[in-house]
Amino acid sequence: MMKIKWHFLVMVILLFFVAGCLSFKTGPKEPSGDIPKAPREFRAAWVASVANINWPSKPGLSTAEQKREAIQLLDLLQKHHFNAVILQIRPQSDALYQSDLEPWSYYLTGQQGKAPEPYYDPLAFWIEEAHNRALELHAWLNPYRAHHPAGGEITDHSIVKKRPDLALELKKGYWWLDPAKEATRDHSTAVVMDIVRRYDIDGIHFDDYFYPYPSYNDNQDFPDTESWAVYQQEGGKLSRKDWRRESVNVFIKKLYAAIKKEKPYVKFGLSPFGIWRPNHPKSIAGFDQYDQLYADARRWLNEGWIDYWTPQLYWPINQIAQSYPVLLGWWQAENKKNRHFWPGISIGRSKGEKGIDETINQIMITRGMLPESPGNVHWSIAPLVADETFANAISSGPYSQQALIPASPWLDKKRPSAPWVKTAVDGDQVNINWTHSDGQDVSSWVVYYKYRGSWKHKILPGKDRYITLPAFWINTQYLKSQGEAVIEDTDKLLHPLSRVAVTAVDRAGNESSSVEMAISGISSDQAPDPAEIAKQYIATKQSKPTAKNQPLVKPGIEVLIADHLDLIRGKKVGLITNPSAVDTELRSDIDLLAALADVNLVALFGAAYGVRGALQGKTLQEGAPDPQTGIPVFRLYGDSLAPKKAWLEKLDALIFDVQGVGSSWYTFKYVMSFAMEACAKANIPFIVLDRPNPLGGEVVEGPLLNLGRMFRHPLPLRHGMTYGELATMWNETEGFGTDLKVIKIKGWKRNMTWDDTKLLWVMTSPNIGTFETAVVYPGQCLFERSNLSEGLGTTKPFLMTGAPWVDGEKAARDLNSREIKGAIFRPVYFLPKNTPNTANPRGKPWNRLCAGVEVMLTDYKAYRPVETALHVIDAYKKTNPDSLKWSPPEVIKMLDQPGMTVKEVVDACQNEVSAFIEVRKKYLLYR
């Protein structure tokens, strides 16, 4: 831990005593009327018991182990601001609860029909613990499955043995209840209604298993010949498929009515297969549930036989044949009764940053397209359990605040009465208590509270009647801005609690009115010690990540602080950085260095977009202060390509810490070169804090780029070197003679890509939004000097054409036939950016679609971006010869020669960089 300067502590203590003579004035005031209501969103995760997918982790666990696992899952959901859990309690005509209708589940005890020992009721336990955490619990049942191949042996307790007249055997080890038989419908309805009557559940939930998937019966027809024959003998007129569909329709409709009659507030939800039928809408292809599961899901939604609709939209946003937003829009148009539409999303199919990005984007798309009642159900809870980074990304992003479940006005419109609230100041905390005239009508409470100008809220379970809040909120932003300077304004550091309000929320989601109350009686005598706050804050900033969360790779900024601080201790230091130089705990390197004792960070140097995201796109005045630290900021290019001599004369050392991907490959590297040369002339050390190259470092792809004054050293499009390696090479080959210190990365090897490092992915350019985009980018650069650059500036790896007449479908077919490693291709359509004008007569009309292809990465380690780009250009030229207008590097122009193949051009590019590859070997710092 770094020592705090004595003058700092003395001044803080003196200020504290002076402030102690004052009081924070928070006397009674009239209600402000500015309370922002808690957001509304359904946030649920499925917990599957079939085959022990999620819970319990295996059959036969003790009662204590089952409870422990359940608590861990519920705590996880509560921690990450979910508000519902969908628990599978009937996976195969059995029960994970006490039932007189069906046997105890094999997945629970390892023996069908055997109760837990010592005895407890798992469903009752889950309900109580979920409600204790302000989570709804929806009981998930499979209506027709009688036995699963992973469900142990078929015992005398099984419905297969007890009701052989209902159960049909399928080829792959499954048994299925015949949905067309009235006795099946009656039995499943009785099971559901037994649960509704006896348990305090919030919802009943069915998934997509109605008639079984064809593969379960080896793609043979469902074996319901007997019941079909009875139907025909009784004069039935429907076709066999329509008869099957109608059997399910009758069941769904009657069950919904029965639930509403018994307990209107219990929601009935369905999560059918995500596609109703292929070609609905026209671009959609895939499995036909209407024709093969006999599920007329659209009708159930149209008729309003459900309270919430959760189709399993388990496909990515940009998968054209099953696009998430396209399907979302289609289903929403079918929501004739305006029921809740909370789609299911698959959160475990993509790993790492790609999975995080896809999940968050899908949540945000849902919010944008369904603003009145947003929500998603996550399949399943497993990725949240397995990947802490993934779970934290959700709870620190779209789920950063607790949310109420959207109200269901068709179930109940009446708002509960407001609670009676009392407050009392008790030292450094405020106790808030409340009562209610009808506690049975309340499922949760919302406590709103205000520290000075900022309202916050907490959602509490219905059993709670009190909460304790700190009398003061610590303004960490102010603390951060002070660094090790004296805390000059205690009022800015400590915000007293000024107002509170409490509302009641009922089972249908209706929120009561509130009575806002002012808090009086808080004085500075009750405030925490500012000196102690500062001490703890600095200790926290300097603490290292725990072993559990620590990445495999430590970038240069961490190595500098841990092992080489002597290089800058006691010195006046300048820092060249970009908005995305962020360590593993999402703290800016500016703040890390500014907070260090005995390090005097006196100047920040920004590149094209400044040193903070807040400065992007703004013109920096020379010496303008950074908005968070107040440290002067200077531009590096525009009027200059290097730090000015007058600036460097005021420094003892200059640090370069830029994370380099994408477009920064051809900007920041040369910023580093100019700065290194300037430091040599100013006779001050130049310190490069190295970071991993996101594309590894083994592969080099030509051609050489030699683009003029700013790009002073020719480099291949894909060079595979880190900043530290380039600096080492240029310092020698260019004869700069800089006092160069490279702080090497720890734990990185040349064959590692970004996913291997366990570091968070951070973009460094408006053009680079995802790891996949960065991988594609080097090849995409070949399009920059052509009319095929409309894809630039997107957050997806588009290689598109700006020419409306390119046949994207034909080009995609051509490219997919070439067996290009690491990628497949699909046609895309988009609106162009530019309209025709005098300066740009070839501009595209705003209302005309352009066509092209998109690269879909399948193996980024095998993918070669430059080679692939040449294939795409070649395919465009062959598809539509007049579409390409460009001025590529000379070696690439070979592609225009008759009979020239892409392989020959690729070989020529590699011959052009062969000398560079040999020189490069001398300066590689990592294996």
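Figures for the structure shown
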quantity: Total residues in region 649-671, condition at pLDDT 85 or above and crowded, with 22+ Cβ neighbours inside 10 Å; calculated: 4
quantity: Among residues of region 360-376, those that are within 14 Å of the chain's Cα centre (by Cα) and either over 19 Å from ASN338 (Cβ atoms) or of a type in the set (Asp, Glu) (or both), counted; calculated: 6
quantity: Region 186-242, residues that are touching a residue at least 40 places away in the same chain (Cβ under 8 Å), charged (D, E, K, R) and in a loop (DSSP other than H, G, I, E, B); calculated: ASP200, ASP202, ASP207, ASP208, ASP218, ASP224
quantity: Test: residue in region 11-24 that is at pLDDT 50 or above, of a type in the set (Gly, Ala, Ser) and either surrounded by fewer than 18 Cβ atoms within 10 Å (Cβ to Cβ) or in a helix (DSSP H, G or I) (or both); calculated: no
quantity: From TRP140, TRP176, residue being in a strand (DSSP E or B), modelled with pLDDT of 95 or more, within 22 Å of ILE86 (Cβ to Cβ) and not β-branched (Val, Ile, Thr); calculated: TRP140
quantity: Failed condition for ALA382, given (1) more than 18 Å from ALA38 (Cα to Cα); (2) not assigned by TED's automatic domain parsing to the domain that holds SER49; calculated: (2)
quantity: Enumeration of residues in region 711-750 that are part of a loop (DSSP other than H, G, I, E, B), more than 37 Å from the chain's Cα centre (by Cα) and either surrounded by 16 or more Cβ atoms within 10 Å (Cβ to Cβ) or not charged (D, E, K, R) (or both); calculated: ARG712, HIS713, PRO714, GLY735, PHE736, GLY737, THR738
quantity: Scan of region 291-319 for residues that are polar (S, T, N, Q), closer than 18 Å to GLY348 by Cβ and in contact (Cβ under 8 Å) with a residue 60 or more places away in the chain, ordered by number; calculated: THR310, GLN312
quantity: Complete set of residues in region 430-465 that are within 23 Å of LYS492 (Cβ to Cβ) and of a type outside the set (Lys, Arg); calculated: VAL430, TYR449, TYR451, GLY453, SER454, TRP455
quantity: Residue check, VAL266 of a type in the set (Val, Ile, Thr) and either closer than 24 Å to LEU168 by Cα or without any contact (Cβ under 8 Å) to a residue 24 or more places away in the chain (or both); calculated: no
quantity: Filter result (crowded, with 18+ Cβ neighbours inside 10 Å and either modelled with pLDDT of 85 or more or among the acidic types (Asp, Glu) (or both)) within region 877-890; calculated: none
quantity: Selected residue (only one of ARG818, ARG864, ARG826 is modelled with pLDDT of 70 or more, more than 23 Å from GLY696 (Cα to Cα) and surrounded by 15 or more Cβ atoms within 10 Å (Cβ to Cβ)); calculated: ARG826
quantity: In region 161-173, residue modelled with the lowest pLDDT [restricted to those that are touching a Phe, Trp or Tyr at 6+ places or on another chain (Cβ under 8 Å) and charged (D, E, K, R)]; calculated: LYS172
quantity: Boolean, ASP529 is free of Cβ contacts under 8 Å to residues at least 24 places away in the same chain, surrounded by fewer than 19 Cβ atoms within 10 Å (Cβ to Cβ) and either among the basic types (Lys, Arg) or out of contact with any His (no Cβ under 8 Å at 6 or more places or on another chain) (or both); calculated: no
quantity: Test for TYR107: is it hydroxyl-bearing (Ser, Thr, Tyr), part of a helix (DSSP H, G or I) and out of contact with any Cys (no Cβ under 8 Å at 6 or more places or on another chain); calculated: yes
quantity: Subset of region 366-386 that is out of contact with any helix residue (DSSP H, G or I) (no Cβ under 8 Å at 6 or more places or on another chain) and buried (at least 16 other Cβ atoms within 10 Å of the Cβ) - its residue that is farthest from TRP315 (Cα to Cα); calculated: SER373
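Listed here are the residues, each with its yes/no results for (1) in contact with a Lys or Arg (Cβ under 8 Å, 6 or more places away or on another chain); (2) modelled with pLDDT of 95 or more; (3) more than 24 Å from ILE405 (Cβ to Cβ).
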| site | (1), (2), (3) |
| --- | --- |
| TRP305 | yes, yes, no |
| GLN322 | no, no, yes |
| PRO325 | no, yes, no |
| TRP330 | no, yes, yes |
| GLY352 | no, no, yes |
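Each row is one residue, and each column tells you yes or no for (1) of a type outside the set (S, T, N, Q); (2) modelled with pLDDT of 95 or more; (3) assigned by TED's automatic domain parsing to the domain that holds TRP342; (4) under 28 Å from ASP178 (Cβ atoms).
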{"residue": "GLN72", "(1), (2), (3), (4)": "no, no, yes, no"}
{"residue": "ILE86", "(1), (2), (3), (4)": "yes, yes, yes, yes"}
{"residue": "SER105", "(1), (2), (3), (4)": "no, yes, yes, yes"}
{"residue": "LEU108", "(1), (2), (3), (4)": "yes, yes, yes, yes"}
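Residue-wise test of (1) more than 27 Å from VAL515 (Cα to Cα); (2) not in a loop (DSSP other than H, G, I, E, B).
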{"site": "LEU384", "(1), (2)": "yes, yes"}
{"site": "ALA391", "(1), (2)": "yes, yes"}
{"site": "PRO398", "(1), (2)": "yes, no"}
{"site": "LEU411", "(1), (2)": "no, no"}
{"site": "LYS463", "(1), (2)": "no, no"}
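Here is a yes/no grid of residues against (1) touching a strand residue (DSSP E or B) at 6+ places or on another chain (Cβ under 9 Å); (2) buried (at least 21 other Cβ atoms within 10 Å of the Cβ); (3) within 20 Å of PHE273 (Cβ to Cβ); (4) touching a residue at least 24 places away in the same chain (Cβ under 8 Å):
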site	(1), (2), (3), (4)
TYR324	yes, yes, yes, yes
TRP330	no, no, yes, yes
LYS337	no, no, no, yes
PHE341	yes, yes, yes, yes
ARG349	no, no, yes, yes
ILE360	no, no, no, yes
MET364	no, no, no, yes
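The values are calculated or read from the model by the stated rules, or taken from the named source; none is laboratory data. Because the structure is predicted, anything quoted here is derived from the model rather than measured. Cβ sites come from the backbone with ideal geometry, for glycine too, and all protein chains shown count toward neighbours.
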